[in-house]
Structures are given as C-alpha cells and as structure tokens.
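Heads up: the structure comes next, in structure tokens.
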C-alpha cells in the first residue's frame, strides 16, 4: 500500500517538477533601442479633379526616428519579443512640374509635406543561430501594428489650386517584419525591413470646396536601430 502511495505521489508531482524545470530554462531579457527609418517603396496615387498622379510623376521620400523599450523571452535557440515603439516620420511628395502645367489644376511645382507621430507594437519570433555571451546573431520575423496619433499630425500643401486640402490617413496600418540582429556584449544592432500590408491613406479632400479625391499608397520601410539588452 505504501508503495502504491509513493508511486501515485510521484505521478502527481512529476508534471509539476517538469513544468518548473521547463520554466527555469526560459530566459527573460529587457532593453531599449533607438533607430532610423527610410522609405524604400511607396507607389503613391492621388486623383485630383479626374487627373491621376502616380509614381510616374510623383517623387516621394520619407525618413523617421524611433525609440522602443522591449522584453524578450528566450527558450533554447528561439525567442519571442515584443516592444512599444514610439516614432516620428517626415514624408514629402513632389509633383512633377511638367505634369502639373499640363493639367492646369496644380500650377508649377507642388509639394505635399506630411509629419506624423505613431505608436507601433510588433510580435517577433526569432532564432539565435549564434548565441554566445560575447557575440550573437539572429534572424526574426513577425507582424507589426502601427497606430497614428492623429492629433499630432502636420500637413502642408504648397502651391496647390485648392487652399484647404487635407489628407485623411488610416489610423491603424499593418506590416510584416523581417530582420537580422547582431549582438556584441550587451550592445546590439538590428537591420529590419517592414512590408506594408494595407493602404495607409483613405482620401484627400478640399474641405472649403466640399470636394473629395481618391488616394492610395502603402509603405515598405527599411530601418536600422542600435540598443542595449540586459
């Protein structure tokens, strides 16, 4: 009878012991990083009074800056990481002078400048193919959600026919992230490419004239960041 009790006790306590052992193998790290972003692909399209401006007659550029605290859970060679990224970006669209003169709707060289502030949250799945104390290297991928803080947006339309132009942006956009990380001691460098999965713009409107125009674009962004992990 005593032997049966001992066996039953072992059966009941073994899962708890194994779970505790597995839990002890999970390593938690935290840190902070700051980075720089640049637009690689945008493909903008603006339709104003029936005339379509697209990537053939619009030059677009974008630069941004980010800072993010993060937390990482590592199990063996795999890890799961999430962070809260605070970012600011400046974007510019320059309309071709030749095209604007032909339409007679947008005289001369017209420029649209956009400044936005945002909060981004990714969920990254990574693999450490080199994981040493002094040096490490990993690859990671996962979804990223970006939310525009619309109350802090700044839009400037220079040299347009309509003086009350305003672009309505999508508040939430989605990306798929692919990256490479290099760690030297507690310092690391991340090289990331974000692929835009949905349209970032809803429409363009001239509020004073009560007109609304179609817009379309998605952002693919290359970024570099440096940080500390503890």
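Only one of the numbered conditions (1) farther than 27 Å from residue 55 by Cβ; (2) surrounded by fewer than 19 Cβ atoms within 10 Å (Cβ to Cβ); (3) modelled with pLDDT of 95 or more is violated by residue 222, and that is (1).
Of the numbered criteria (1) in a loop (DSSP other than H, G, I, E, B); (2) touching a helix residue (DSSP H, G or I) at 6+ places or on another chain (Cβ under 7 Å), the one residue 117 fails is (1). Once segment 191-209 is narrowed to residues that are surrounded by fewer than 19 Cβ atoms within 10 Å (Cβ to Cβ) and touching a residue at least 40 places away in the same chain (Cβ under 8 Å), the residue that is nearest to residue 145 (Cα to Cα) is 193.
Among the residues making up segment 57-66, those that are surrounded by fewer than 16 Cβ atoms within 10 Å (Cβ to Cβ) and under 18 Å from the mean Cα position of the chain (by Cα) are 61, 63, 65. Just one residue in the set 184, 130 is at pLDDT 95 or above, exposed (fewer than 13 other Cβ atoms within 10 Å of the Cβ) and over 17 Å from the mean Cα position of the chain (by Cα); that residue is 184. Within segment 28-56, how many residues are surrounded by fewer than 18 Cβ atoms within 10 Å (Cβ to Cβ) and either free of Cβ contacts under 8 Å to residues at least 40 places away in the same chain or not in a strand (DSSP E or B) (or both)? The total comes to 7. Taken across segment 161-173, residues that are over 28 Å from residue 57 (Cβ atoms), in a strand (DSSP E or B) and either at pLDDT below 95 or touching a strand residue (DSSP E or B) at 6+ places or on another chain (Cβ under 6 Å) (or both) do occur, with at least one present.
The values are calculated or read from the model by the stated rules, or taken from the named source; none is laboratory data. A quick note: this is a predicted structure, and the numbers were derived from the prediction, not measured. Don't worry about glycine lacking a Cβ; one is built from the backbone with ideal geometry, like all the others, and counts go over all protein chains shown.
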